[in-house]
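> My structure is below; once you've seen it, I'll send some questions.
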Amino acid sequence: METIDPTICYIKKEFHLKKVEIPEKNKEDSDEPPRKKQKKGGRNKKRPIFREAFDDKLCRSLVDGEDSNKCTRENCKFLHDVKSYMEKKSPDIAEKCPLYTTKKFCLYGITCRFGKEHITEDFKNVNASVRVENEQRVNLPHELQVQLRKKTYDFSSSESILKSVSDLISKTKDVGSCEDDENIVTRPEEKKKIDFRNKLVLSPLTTVGNLPFRRICKEYGADITIGEMACSVPLINGNLSEWALTRRHSSEDIFGIQIEGNNAKLITYAAQVLSETTDVDFIDLNIGCPIDLIFQQGGGSALLRRQTVLEHTVRSCSQVLKDKPFTVKTRTGIYANKLVAKELLPKLEKWGASAVTLHGRTKEQRYTKSADWNYINECASLVKEMPIIGNGDVLSLEDYQNIKKNYTNVSSIMIGRGALIKPWIFKEIKDGKAYDISSQERLEMIQKYVNYGLECFGSDTKGVETTRRFLLEWLSFLYRYVPYGILEHPPQKINQRPEYDYYTGRDELETLMTSRQSCDWVKISEMFLGKVPEGFTFIPKHKANSF
């Protein structure tokens, strides 16, 4: 009898291929680093980033054509000759512009790389008279940015709360107990009623969990979405790129913003300004991030060993948000031999957290071990009323049903990598059946993502390349999906690796989508976004320690 290895994703024999050696010129494109130089996974800081030269970029004052408002900036470095720009402009990518098709107006005018539909022969932008600011494009009003940068924003409510919490904690340490402990916490009934029970939650995913991807997941059935982790200091300093992470799409009916920091004051400031100025339902604090840079600065999972700072932060933020819930996302601990979540979760409930997400691994384990759902369930049994959202290793309907059956103390389930690899996981769970998605259906999903990306990041050259970069980051996860119909023993488990490095799909497109070479991911991007710029290379930002 053949022994089945639980770490291998077995593929039907008719789809087997002999192991193929990666051509020398493409070895650097492989998602897997060379064996001799293989290091622990983490953030890849050497990836190339697209930059457009000033003299190749048209001034924003001329995007609607020659009759646009003239530039009023002194010493403007951008190009001001429309005809010269159009002569040098890269060719259009497609006949139809996703923005114009949706809104009958393109914000990017003659700079649009899909402009045939709305650029006239004399280089004018059709319907330019209806120009309006794109609300999705900037989530930080200029007036607010000025206040933050000049340190004039009113944080007095945060200051008052921070002081009262600090006094309470000092009193607790001096006396050994605190009779007024309950009075300092905003009571659950005073918070906005968000039901965190029996929900499918999309995990906050750095880089790949952007607005276009969240729209895809919402369409497949995700109940609650959370934006990418935003750092407190850039937020309160008015950093535009950090504020871009707080954007919300109208389809996100329950939406949270996740923040990170190493200081109770700064985190509370960030929570206050986000609560007062953005369209958000709840704020989530990340105390599980394993990234070394964040950890070394005392943020993320480092807060697990700085519990006085953590208490100060949770108590303060739960009050400064007033009627909005304040939630926490954590791991089981920092080290594999020292789990702390069991003692921490009851404290978080007492300090005022409205819900806690527990990822069933430690900081040290990252993604190399299976999530410990037994421990998650045990921790969930120790809290009184606070919902516990479990997180880790859900890739199939079977995984979900197993958790719901055997770990009954868990209120809801959060899905992260499983959604990146197989976004229709939400639909499978909602419909109660597995789907064997065809390569054409997957391609249509990618097309939709590209359209959402162009709508979010822009349809000019910069927007196209930004969309391409995020698409490629997503494809570095999507290729890990092994089509249901070619599996010997379905369903696929998240930490299983295919039996062979290379195997065929049921058609040519499916075979392309299974490739682990980044040069093939680039080919897929070129189907929608045209040829890559000269000298373009792609290396995934995250090289995780797991498949």
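The values are calculated or read from the model by the stated rules, or taken from the named source; none is laboratory data. Being a predicted model, the structure only gives us computed values, none of them experimental. Backbone-built Cβ (ideal geometry, glycine too); neighbour counts: all protein chains shown.
> For GLU260, indicate whether it is assigned by TED's automatic domain parsing to the domain that holds LEU395, charged (D, E, K, R) and over 17 Å from the mean Cα position of the chain (by Cα).
Spelling it out, it is not the case that GLU260 is assigned by TED's automatic domain parsing to the domain that holds LEU395, charged (D, E, K, R) and over 17 Å from the mean Cα position of the chain (by Cα).
> Moving on. For the range 282-352, which fully contained helices (runs of 4 or more DSSP H) count at least 3 residues that are of a type outside the set (A, V, I, L, M, F, W, C), closer than 23 Å to SER160 by Cβ and in contact with a Gly (Cβ under 8 Å, 6 or more places away or on another chain)?
Of the helices (runs of 4 or more DSSP H) lying wholly inside the range 282-352, those with at least 3 residues that are of a type outside the set (A, V, I, L, M, F, W, C), closer than 23 Å to SER160 by Cβ and in contact with a Gly (Cβ under 8 Å, 6 or more places away or on another chain) span 307-320.
> What number of residues within the range 94-120 are surrounded by fewer than 22 Cβ atoms within 10 Å (Cβ to Cβ) and of a type in the set (A, V, I, L, M, F, W, C)?
2
> Going through the range 365-385 one residue at a time, which ones are of a type outside the set (Val, Ile, Thr), assigned to a loop (DSSP other than H, G, I, E, B) and without any contact (Cβ under 8 Å) to a residue 40 or more places away in the chain?
Matches in the range 365-385: GLN365, LYS369, ALA371, SER381, LYS384.
> I'm told GLN401 meets every condition in (1) buried (at least 23 other Cβ atoms within 10 Å of the Cβ); (2) without any contact (Cβ under 8 Å) to a residue 12 or more places away in the chain except one. Can you identify the failing condition by its number?
It is condition (1) that GLN401 fails.
> Return yes when PRO498 is modelled with pLDDT under 90, in contact with a helix residue (DSSP H, G or I) (Cβ under 6 Å, 6 or more places away or on another chain), at negative phi and not aromatic (Phe, Trp, Tyr) and no when it is not. Reasoning before the result, please.
Details: modelled with pLDDT under 90: yes; in contact with a helix residue (DSSP H, G or I) (Cβ under 6 Å, 6 or more places away or on another chain): no; at negative phi: yes; not aromatic (Phe, Trp, Tyr): yes.
Criteria not met by PRO498.
> Within the range 521-547, how many residues are modelled with pLDDT under 95 and under 23 Å from ILE486 (Cβ atoms)?
2
> A further question follows. Of GLY209, GLY238, GLY227, which residue is in the same structural domain as GLU364 (by TED's automatic domain parsing) and over 13 Å from the mean Cα position of the chain (by Cα)?
Details: GLY209 fails: over 13 Å from the mean Cα position of the chain (by Cα); GLY227 fails: over 13 Å from the mean Cα position of the chain (by Cα).
Just a single option satisfies the conditions, and that option is GLY238.
> Could you list, in sequence order, all residues of the range 513-524 that are in contact with a helix residue (DSSP H, G or I) (Cβ under 8 Å, 6 or more places away or on another chain) and under 14 Å from PHE477 (Cα atoms)?
MET513, SER515, GLN517, SER518, ASP520, TRP521, VAL522, ILE524
> Could you go through the range 327-338 and let me know if any residue there is assigned by TED's automatic domain parsing to the domain that holds LEU266, under 19 Å from GLY261 (Cα atoms) and among the hydrophobic types (A, V, I, L, M, F, W, C).
There is at least one residue in the range 327-338 that is assigned by TED's automatic domain parsing to the domain that holds LEU266, under 19 Å from GLY261 (Cα atoms) and among the hydrophobic types (A, V, I, L, M, F, W, C).
> Now, a different point. Just checking, which of ILE494, ILE524, ILE486 is out of contact with any Leu (no Cβ under 7 Å at 6 or more places or on another chain), touching a residue at least 12 places away in the same chain (Cβ under 8 Å) and not small (Gly, Ala, Ser)? So that I can check it myself, show each step before the final result.
Details: ILE494 fails: out of contact with any Leu (no Cβ under 7 Å at 6 or more places or on another chain); ILE524 fails: out of contact with any Leu (no Cβ under 7 Å at 6 or more places or on another chain).
When all the criteria are applied, what remains is ILE486.
> What residue, of ASN134, ASN139, is closer than 30 Å to SER275 by Cβ, modelled with pLDDT under 95 and buried (at least 17 other Cβ atoms within 10 Å of the Cβ)? Break it down stepwise before answering.
Values: ASN134 fails: buried (at least 17 other Cβ atoms within 10 Å of the Cβ).
Selected residue: ASN139, the only one of ASN134, ASN139 that is closer than 30 Å to SER275 by Cβ, modelled with pLDDT under 95 and buried (at least 17 other Cβ atoms within 10 Å of the Cβ).
> Among THR327, THR332, THR277, which is the only one that is more than 19 Å from the chain's Cα centre (by Cα) and surrounded by 23 or more Cβ atoms within 10 Å (Cβ to Cβ)?
THR332
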